[in-house]
Amino acid sequence: MFKDMIKTIVEAYGPSGRERTAAEVIKAFVAPHADKVYYDALGNLIACKKGVSGKKIMLATHMDQIGLIVTHIDDKGFLRVSNVGGVSPTVSIAREVMFENGARGVTSFETEKKKITEAGMPELFIDIGAKSREEAEAKVEVGDVAVYAPHFFEMGRFITCGALDDRLCCAIAAEAFNTMETEHDVYAVFTVQEEVGCRGAGPAAYAIEPDLAIALDVTATGDTPKCAAMSVTAGNGPTIKVMDSSVIVPVSVREFLKKCAEAENIPYQYEVLRAGGTDTSAIQRTKDGVLAGCISIGTRYIHSPVETASMDDIENAVKLLKAALRQKVLPEA
Ligand code: CO
Ligand code: ZN
């Protein structure tokens, strides 16, 4: 079932630069439906299905999640950390965390001088239940990366878990790839290192040279109490990106996606995101430029362990992506 696949993919371990565990989970879902599945030198996972039109469509969803990297282990066995990607120190206090080897820990902060809201990364630490540096080093070493321990659950039509950004869209891309009808070559690229500056998607697009690229990611919403104003409501449809701080989507691509949605009565919203970028920009600026657009899922509490999105939007995003892949005529510059 689609929801089971989402749960399995979002709960997998995979911070930036350490995506392989999550990649292998995704690979198992797409490999039976692909002509070829491979990794490039950066670790991007690429599933390819050949078509007959001679045109290439690239899908891009990032596998990496934010994390806490161990910078130092003290004499008492507490781990000091720095952020991998956009981690809020406040959101990272009093959390359960998990390392790649399964080691577990909890987070807290130096309480002597600071209040919880004043604590920054330097005040944060992870307790892995060790009484000395030696005991800690038996489980974890400097450079290891912790992620929020995943806990997937449902609230009515909403699902919540850490790493919905962007593993949720990896599941959406996998579902569309596995069930699509298309006459084009499709490259589903599950990218690395988006959270540290969209480092994986560009080289993948450079190698593939797509005629059209569609990235999928989460985006902010304007539907929670006293949040910053934004015209995206979770549950009102997947969004078609107009702009974020890294990209302006070409009008032809945006119109293409809009027509795909309207032709099949799929609800959609336009997305203008003030702050935050996506792989879309890295793909767009590859070689002599690539036509690239983005479908997003309005998600509450991004970069927290309780990222929350609507199954209605998720299912409609699969429909919209499949409708786009089915088109014979692709947008032009
Ligand atoms: Co993110
Ligand atoms: Zn993302």
Checklist outcome for this item: Counting only strands (runs of 3 or more DSSP E) wholly inside the range 109-167, the ones holding at least 1 residues that are among the acidic types (Asp, Glu) are 124-127, 153-155
Item to check | When residues of the range 9-49 are limited to those that are among the hydroxyl-bearing types (Ser, Thr, Tyr) and buried (at least 18 other Cβ atoms within 10 Å of the Cβ), the one farthest from residue 69 (Cα to Cα) | outcome: 13
Checklist entry - Any idea how many residues of the range 293-318 are within 15 Å of ligand 2 (Cβ to nearest atom), crowded, with 23+ Cβ neighbours inside 10 Å and in a strand (DSSP E or B)? => result 7
Checklist entry - In this structure, is residue 43 at positive phi, out of contact with any Phe, Trp or Tyr (no Cβ under 6 Å at 6 or more places or on another chain), at pLDDT 95 or above and within 16 Å of ligand 1 (Cβ to nearest atom)? => result no
Checklist entry - When you go through (1) over 19 Å from residue 306 (Cβ atoms); (2) loosely packed, with under 13 Cβ neighbours inside 10 Å; (3) of a type in the set (S, T, N, Q) one by one for residue 117, which number turns out not to apply? => result (1)
Checklist entry - How many residues, within the range 208-226, are buried (at least 17 other Cβ atoms within 10 Å of the Cβ) and not hydroxyl-bearing (Ser, Thr, Tyr)? => result 11
Next on the checklist: Here is a check on your reading of the model: is residue 290 of a type in the set (Val, Ile, Thr), surrounded by 19 or more Cβ atoms within 10 Å (Cβ to Cβ), at pLDDT 95 or above and more than 16 Å from ligand 1 (Cβ to nearest atom)?
Outcome noted: yes
Next on the checklist: Suppose we keep only residues that are in contact with a helix residue (DSSP H, G or I) (Cβ under 6 Å, 6 or more places away or on another chain) and under 20 Å from residue 24 (Cβ atoms) within the range 187-200. Which one would you say is farthest from ligand 1 (Cβ to nearest atom)?
Outcome noted: 187
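For every residue, the table says whether it meets (1) closer than 30 Å to residue 225 by Cβ; (2) away from ligand 1 (no atom under 16 Å from the Cβ).
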{"site": "309", "(1), (2)": "yes, no"}
{"site": "316", "(1), (2)": "yes, yes"}
{"site": "321", "(1), (2)": "no, yes"}
{"site": "330", "(1), (2)": "no, yes"}
Next on the checklist: For the range 175-186, which positions are surrounded by 23 or more Cβ atoms within 10 Å (Cβ to Cβ) and either within 16 Å of ligand 2 (Cβ to nearest atom) or closer than 17 Å to residue 217 by Cβ (or both)?
Outcome noted: 176, 177
Next on the checklist: Criterion first (touching a residue at least 40 places away in the same chain (Cβ under 8 Å) and either over 16 Å from residue 139 (Cα atoms) or out of contact with any strand residue (DSSP E or B) (no Cβ under 8 Å at 6 or more places or on another chain) (or both)) does residue 44 satisfy it?
Outcome noted: yes
Checklist entry - Within the range 220-239, is even one residue in contact (Cβ under 8 Å) with a residue 12 or more places away in the chain, at negative phi, among the charged types (D, E, K, R) and within 16 Å of ligand 1 (Cβ to nearest atom)? => result no
Checklist entry - Out of the range 255-287, which residues are of a type outside the set (A, V, I, L, M), more than 16 Å from ligand 1 (Cβ to nearest atom) and out of contact with any Pro (no Cβ under 9 Å at 6 or more places or on another chain)? => result 258, 259, 260, 262, 264, 265, 270, 285, 287
Item to check | the range 187-227, residues that are more than 13 Å from ligand 2 (Cβ to nearest atom) and either part of a strand (DSSP E or B) or of a type in the set (Asp, Glu) (or both) | outcome: 187, 188, 189, 209, 211, 212, 213, 214, 223
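The values are calculated or read from the model by the stated rules, or taken from the named source; none is laboratory data. Small disclaimer: the values here were computed from a predicted structure and weren't measured. For neighbour counting, all protein chains shown are included, and Cβ atoms are generated from backbone atoms with ideal geometry for every residue, glycine included.
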